[in-house]
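The values are calculated or read from the model by the stated rules, or taken from the named source; none is laboratory data. What you see is a predicted model, and the numbers here were worked out from it, not measured in a lab. So basically every Cβ, Gly included, is an ideal-geometry build from the backbone, and we count neighbours across all protein chains shown.
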Amino acid sequence: MKPSHLDALADVIRVTDSGAIPERAALRAILDAPEDLDAPLFEAAGRALDRSSGRAVYLRGIVEFCNACRKDCLYCGVRRGNTRVARYAIPFDEIVEALEEGYRVGLRSFLLQSGEALGDAHLALVERVLRWMKARWGDSVRPVLSIGELPRETFRQLREAGGGRYLLRIETSDPELYARLHPQDAHHRFEARVQALHDLRDTGWQVGTGVLIGVPWQTPDHLAGDLLFMRRFDIDMCGMGPYIEHHDTPLWEAREQVPDVATRVRWTLRMIALQRLLLPDTNVSATTALQTIHPQGLELGLGAGANVFMPNLTPWKYRESYDLYEGKVRVADSLDSVLERMSARCAALGRPVALGDPGDPVRFRTRQPPP
Ligand code: SAM
């Protein structure tokens with residue numbers, strides 16, 4: 001008789017092939033299964049990727065332009081309460097210089113990421129960069145923002161200034177687990193985070209979300225719920241990666257509750273593969289956290305169904321202050337040689353890197369009403 005986790009996989013493949021939503025129990029069984037599940041799961045995810053988005057790998061250059069944050073998320077190294085981190089905001093000219101360098105090597109999608117620093121000057125800077133990108137490169141480039149929860153009106157304003165894609169991780173879709181990972185105050189309301197995702201959709205953004213994987217107290221059942229949350233929201237992009245401890249955060253106290261590295265890697269890869277099955281035509285990244293926790297994180301992520309990774313364009317002198325978690329990969333080489341190496345690693349997997357292409361998720365393109 002076939003082991004039950006292989007039955008669960010066959011079931012999920014059949015259900016997702018028909019476009020339907022699988023049972024939470026089947027997803028949980030897959031996340032919790034022994035190792036023999038991985039090869040057939042990743043093959044199925046690879047087939048889903050081939051059929052929907054193709055084998056190309058898209059690049060998104062990231063500029064971590066400010067690490068000030070009004071939030072105090074218990075897991076994050078740049079949380080407001082961490083007084084050991086040197087705070088910075090990169091001036092406009094340096095941001096633009098980093099973007100120009102990315103454009104020169106063929107990047108056409110740029111992620112501007114920061115802490116949640118709601119001040120007027122911060123938002124004015126973002127708007128100015130968006131307008132500059134639009135004037136400079138028009139439609140050939142896709143700006144992506146990841147700057148936290150904002151009022152709906154601000155989302156609209158930034159969209160009008162040229163923003164196209166927005167990444168806002170829900171972090172976990174379970175309200176109780178969310179409450180254990182965040183302070184209990186008005187700045188950290190689960191409902192507000194969900195509302196922000198709806199506001200982004202309503203104001204015309206391509207919407208990306210994702211979760212932390214392997215946080216204390218998290219179970220495969222929580223992760224199964226996260227997959228269903230993303231499927232039901234019908235996201236365009238997904239970035240999810242392993243939780244990595246940081247000793248200057250309150251969650252450090254709960255480090256005994258963190259699954260070992262092998263479990264975090266396994267769960268992350270299975271989450272990527274299942275996300276690919278549930279929403280085949282979305283963009284899914286092999287995150288920096290996955291590449292930090294495992295030296296072959298890029299290969300493993302792409303092998304499980306990811307199709308995006310994010311070369312870092314943040315000027316060197318700021319990088320060590322964007323210290324979200326311990327050991328975050330920092331490569332001192334020139335952008336050209338980083339790209340050359342990463343492209344060779346992708347090519348070795350039969351996955352060509354798509355330079356000169358903003359790589360819109362097929363899902364977003366097909367959802368758009370005809371002009
Ligand atoms: N402030 C924005 C927001 O709230 O979406 C974006 C910046 S935030 C630093 C980017 C992401 O870093 C978060 O969504 C979180 O999932 C991730 N992150 C923070 N601390 C982490 C940790 N210890 N391990 C792994 N990822 C972490």
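What the table below lists for this structure:
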read-out: Selection count where residues are of a type outside the set (Asp, Glu) and part of a loop (DSSP other than H, G, I, E, B), scope the stretch 320-355; value: 17
read-out: Selected residue (only one of Arg79, Arg47, Arg87 is at pLDDT 95 or above, surrounded by 23 or more Cβ atoms within 10 Å (Cβ to Cβ) and outside any strand (DSSP E or B)); value: Arg79
read-out: Hits in the stretch 285-295 (condition: closer than 15 Å to Tyr58 by Cβ and touching a Ser or Thr at 6+ places or on another chain (Cβ under 9 Å)); value: Thr287
read-out: Sole residue being within 13 Å of the ligand (Cβ to nearest atom), aliphatic (A, V, I, L, M) and more than 20 Å from Leu158 (Cβ to Cβ), chosen from Val78, Val63; value: Val78
read-out: Test result for Gly106, more than 14 Å from the ligand (Cβ to nearest atom), out of contact with any Ser or Thr (no Cβ under 7 Å at 6 or more places or on another chain) and assigned to a loop (DSSP other than H, G, I, E, B); value: yes
read-out: Total residues in the stretch 57-76, condition in a loop (DSSP other than H, G, I, E, B) and buried (at least 17 other Cβ atoms within 10 Å of the Cβ); value: 10
read-out: Odd one out for Arg169, checked against (1) more than 11 Å from the ligand (Cβ to nearest atom); (2) surrounded by fewer than 19 Cβ atoms within 10 Å (Cβ to Cβ); (3) within 21 Å of the chain's Cα centre (by Cα); value: (1)
read-out: Single residue of the stretch 216-274 satisfying the filter (part of a loop (DSSP other than H, G, I, E, B) and without any contact (Cβ under 8 Å) to a residue 12 or more places away in the chain) that is farthest from the ligand (Cβ to nearest atom); value: Thr219
read-out: Members of the stretch 58-79 found to be out of contact with any helix residue (DSSP H, G or I) (no Cβ under 9 Å at 6 or more places or on another chain) and either at positive phi or of a type in the set (Lys, Arg) (or both), listed by number; value: Arg60
